[in-house]
1. Ignoring the sites themselves, what is the longest stretch of the chain with no trypsin sites (Lys or Arg not before Pro) in a DSSP loop and at most 10 other beta-carbon atoms within 10 Å?
2. Please find the FRET efficiency linking Leu38 to Ser87, where r is the Cβ-Cβ separation and R0 is fixed at 41 Å, and quote it to the nearest 0.05.
3. Using a 1.4 angstrom probe on heavy atoms only, work out the carbon and sulfur share of the accessible area of region 21-70 in %.
4. Just grab the label-to-label distance for Arg57 and Ile78, each label 7 Å out from Cα along the Cβ direction, in nm (one decimal).
5. Would you please give the residues with an amide H less than 5 Å from that of Phe28, counting only those at least 5 places away or on a separate chain, with H modeled from the backbone geometry?
6. In Å², and per residue, what accessible area does the chain have when probed at 1.4 Å with the other protein chains present?
Amino acid sequence: SPEFSHHVAQSMNLPETPSAFQIRYQGFKGMVTQTPNLDCQLALRPSMKKFNASCTRIEICGFSKWIPAFTSRQMINILSGRGVTDSVFVTLQNRALQQMNLAIVNESVALDFITQGGYGNNEFLKPTIHMLHGGFALLHEPYLQRIMRS
């Protein structure tokens with residue numbers, strides 16, 4: 001239930017309530033999601049039962065997190081088949097190109113582009129992020145310029 005999810009998130013000191021949790025509980029194992037109209041706090045399917053156990057503590061092994069989404073050729077084909085016009089994709093591509101061009105000449109836009117675009121976990125780009133946070137000038141640093149243009 002949403003209430004139970006919120007309680008779990010609070011007990012884990014999470015800033016937001018995730019929509020799904022990976023759990024272990026009384027021999028059950030698997031993913032549970034928020035279901036608004038649930039009659040109980042936690043519903044478990046029989047297929048989630050792996051073994052018998054008497055422990056009444058719930059173990060949270062993981063939870064849903066925000067990750068960036070990218071438009072792939074397959075996604076474009078699916079959306080086109082569902083009636084999304086080509087002009088929508090052209091508009092999205094033009095916006096992305098404008099953002100990339102702006103990132104080459106503006107340090108704060110570059111930092112936002114790298115971190116919010118989902119590249120912040122890329123091991124190759126971590127030194128670049130540290131350099132930008134450290135005050136290196138993107139406009140005057142050839143290494144950073146090459147990274148951003150590639």
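The values are calculated or read from the model by the stated rules, or taken from the named source; none is laboratory data. The structure displayed is predicted, hence computed values, not measured ones. Reconstructed Cβ throughout: ideal geometry from the backbone, glycine too, with neighbour counts over all protein chains shown. In case anyone asks, the SASA skips ligands and DNA or RNA and just uses the protein heavy atoms, side chains included. Shrake-Rupley method; radii C 1.70, N 1.55, O 1.52, S 1.80 Å.
1. Values: sites that count: Arg57, Lys65, Arg82.
Segment 83-150 is the longest.
2. Details: r = 41 Å, r/R0 = 1.01.
The calculated FRET efficiency here is 0.50.
3. Details: 2110 of 3950 Å².
Carbon and sulfur atoms account for 54 percent of the accessible area of region 21-70.
4. Distance between label points: 3.9 nm.
5. Long-range HN contacts for Phe28: Lys50.
6. 73 Å²
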